[in-house]
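Here's the structure we're looking at; comments come further down.
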Amino acid sequence: MSATRPLSSLSVLAALLASQAGAAEPSHRLPEGVMPEMAVWGWTLEEFKPGGYRGFLDMAAKHSTYNVITTTIRAPLKELTDEDVYKQIKEGTAYARSLGIRIAFDLDVRLARRAFQKAHPDELQEMLRLREFDLRDAGEVSAAIGSTDLGDHYTFRTTHYIPLSGRLVGVYSYVRGPQGIEPDTVEDITAKGCKVVAASAREVKVAIACGEATKGRKACVLAAFTHLTPDVFAPHLLGFQREIIQRYADTGLAGVCKDEWGFPPCYDGCPAKNDYWFSKSLADEYGKRTGGRDLVRDCLLMWAGERGRVPERQAAINVFQEMSRRRNAEIEDDFYKATKATFGPAAIVATHPTWYPYPGVQEFKKNGLDWWAATRDLAQTDEVTPYCCRTSLAKKWGSPVWVNMYYSAKRADYDKALWAHALGGGRINYHPVYPAPEQKGRNWAYDSLLRGGLMRGECRVRLLNFITRAPLDCPVAVVFGHACAMNWAGPAYADVGMALTDALWRAGFPADLIPSSDIASLKLSDDGLVQYGPQRYAAVVLYHPEFDRPETAAFFERAAGGKTALFRVGNWTAGPDAKPFDGNAALPKAMAVLPDAASCAKAVVARLGERGVAPQTGAGERMTGFGYGMSAPPAAGRCRLVDGTEIILSGAKDVAGDPIRSALEVKGHKITVDATGVVGIRLAADGSLEALAAGGLKRIEAGALKLALEQATDIALWRDAAGKWHGVLQDCPGPVPPPLTALAADWLRLSVPPPLP
């Protein structure tokens, strides 16, 4: 990943703002180099009309704070490789720039599927479907397998990932016993006794000859259907991806989007485990990784299981799932590098890798749960992704906040989400209301967010962006066994430790969820604490490490000599090849072993109390949707960042911000404040004020600093390394108030957009 960030350091930011101070007209929008304020825009056929992009952009320029808009195509028969699409995107991007808005456009290959098919017709994605049929002792059995029509938001209003053709891959005959297939009875009968009756995009139908020898046996028919989307393992995929990005090099885009990448969607994770993503390239790679094993034969093993071959089955699943994670991560990383090479190191790479917003079976099948390997500068998620994933991704990518693409069918939900996101260390990428009532029309989904006080509240939250580049302080990490969680033949399938992290968040101790596949990113700090990015942990839990690599044990053995309290849930009896490995003995004896998530959460909270780790506001709200219910922060409370910044947020009653009249203690120092919505304070080692962000500030006393303002003012104020103050004033017409001019000479002036009538 490039060391260059799209966000300026605070010292660079100070110089940037000083150069803009005194501008004739305050802007609604933050300058470049500051954490962007983002929204989502889908181009329908309306936007492809001459000047069709102007309506939304004019409205956003006047009534919103958005300065980066993540934009995608939601129109039929429009592909990125079409000349008219290129011209319209270039024109729309230029018009947005003239209004102070930057566009990051979705240049994903799924928006050029017909072009990829034309260029590489033999490199499309296949689905291998396994279906079992009972054989008889005479005649023949007709065995038919149908295809499925796949679709997601990329196919909304356009052609789905439709099946294009079908073919027979193989037929196996066998006897089933109480422990699965009897392995000695498996016979490949594809070439003897099987006749293809039909092979089309809709169906593959086979006639299987039966006789006395087939009595009591079963047959598994394996059919592959080719779909209208590139094969994830296609040899030309990365090159095609780069060609699209380079085609748009002269358009003036601020960045490029790749949204929810992976295999086509599977909304239930295929609980029967009888459908597998497939292609010749994928099968070849599987053979390389397994010393020449046949993927088709192993799909039968992975699906049905065979007596006496449990370790082989587990090992095959581990290889298959890890291949998915690694390949999808490779595609994401190359997309990131291509974007930076084309548009410059400060280009924004958006949006999120989280498709089904939970680290569970749907993501296992789509991308191998590659979230922590999908390269980004800004940590990005969507919908109801658990907060423990959002915060850990911020640590992974060195992102000061996480950004969540949020939507709801209820407009009022956005008001609460603004403050809950901020209290959990994040910001919103504003997706239009979805699904919106049809009678209100398409524009209402966008317009309604600009009515009322939502943008006023957003303006107060954004003050925090000026005083810190630090993420939420999470004193606990839960490192879950990535291979174990994804292995349906293992001891803890689909359990990533969410009950544990949820209990910790509810108790007021935010916890980061980290996959063991990213163990190399965990370090030991100079003071002996386990560290992930900028975050140092008071406690770390290793959760169900079955099938993990020895490197995981080696890291925790080193960590045992430090100051982080170590815990474990779940046994470790096998390595990634499913062969016996005494992981329990390889882990340090100082690591406390707990039987389950509930007892572990209790033990961790007790240990944090012993170490004097103060709780933050607990997550008490419930996010529901997609079949999951997870805890979320409320719309008012107190949190802290890893750089020591203490934050009070209050927007539970009024989305523009509630009164904050508090006497609080920060690092043993008493502070009194009268403000609205937001108060962020960071003290220097000597107790003096180092940084302040406050909405509607009237008065503050913090050590030697005493400010009293006649007019309530939105303010951000911080000292640079030389001790010089720099400031931002928002929604403050007229001269800079005298108490503030005594502190700083240069002030950046910002305005608050008027709400849409």
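Brief remarks on what is shown
- Rel. contact order, % - alpha carbon contacts under 8 angstrom, at least six apart, region 634-750: 15 percent
- Relative to the longest principal axis of the Cα atoms of the chain, the long axis of helix 597-610 lies at roughly 30 degrees.
- Inter-probe distance in nm under a simple model that places probes 7 Å from Cα toward Cβ, at residue 200 and residue 182: 4.0 nm
- For region 634-750, the Kirkwood hydrodynamic radius comes to 14.4 Å, computed from all pairs of different C-alpha atoms.
- Order of 123, 610 - criterion: other Cβ atoms within 10 Å of each residue's Cβ, fewest first: 610, 123
- Potential extension, residue 267-residue 706 segment - 0.36 nm per residue separation minus Cα distance: 152.4 nm
- Ordering 147, 61, 103 by the projection of their Cα atoms onto the charge dipole of region 55-150, which places +1 on the Cβ of Lys and Arg and -1 on the Cβ of Asp and Glu, puts 61 at the extreme positive end.
- For the chain: rounded, prolate or oblate by the Cα gyration tensor [a/c cutoff 1.5]: oblate
- Note on residue 724: lysines with a C-alpha under 26 Å away, same-chain residues under 8 apart excluded, are 667, 670, 698, 706.
- A full extension of the chain between residue 662 and residue 247 corresponds to an added length of 143.9 nm, given 0.36 nm per residue minus the alpha carbon distance.
- Remark: the chain carries a charge dipole of roughly 660 debye about the Cα centre, counting +1 on each Lys and Arg Cβ and -1 on each Asp and Glu Cβ.
- Under 19 Å from a label point set 7 Å out along the Cα-to-Cβ vector of residue 58, the amide N atoms of region 427-452 belong to 442-451.
- In this simple spin-label approximation, residue 494 and residue 25 carry label points 7 Å from Cα along the Cα→Cβ vector, and these lie 5.5 nm apart.
- Average Cα contact separation per residue, region 476-610, under 8 Å, 6 or more apart, as relative contact order %: 25 percent
- Karplus-based coupling profile of region 703-708, in residue order and whole Hz: x, 6, 8, 10, 10, 9, with θ = phi - 60° in 6.51 cos²θ - 1.76 cosθ + 1.60 and x standing for Gly or Pro.
- Global geometry of region 115-264, whether rounded, prolate or oblate, following the gyration tensor of its Cα atoms and the 1.5 cut on a/c: prolate
- Whole-angstrom Cα spans of region 476-610 along principal axes, big to small: 39, 30, 25
- The chain: relative contact order as a whole-number percent, Cα under 8 Å and 6+ apart: 12 percent
- Ranked list, fewest to most other Cβ atoms within 10 Å of each Cβ, for 320, 626: 626, 320
- Helix-only [θ]222 nm of the chain, DSSP H runs n ≥ 4, -39500 (n - 2.57) each, per residue, nearest 500: -8000 deg cm²/dmol
- With distances taken between every two different alpha-carbon atoms, region 41-89 has a Kirkwood hydrodynamic radius of 11.6 Å.
- Each Lys and Arg contributes +1 and each Asp and Glu -1, all at the Cβ; summed about the Cα centre of region 675-746, the dipole is approximately 120 debye.
- Counted by neighbouring Cβ atoms within 10 Å, the residues 480, 555, 364 run from fewest to most as 555, 364, 480.
We did not get these values from a lab; they are worked out from the coordinates using the rules stated. On a predicted model such as this, the values are computed, not experimentally measured, just so you know. Methodologically, a virtual Cβ is constructed for each residue, glycine included, from the backbone with ideal geometry; neighbour enumeration extends over all protein chains shown.
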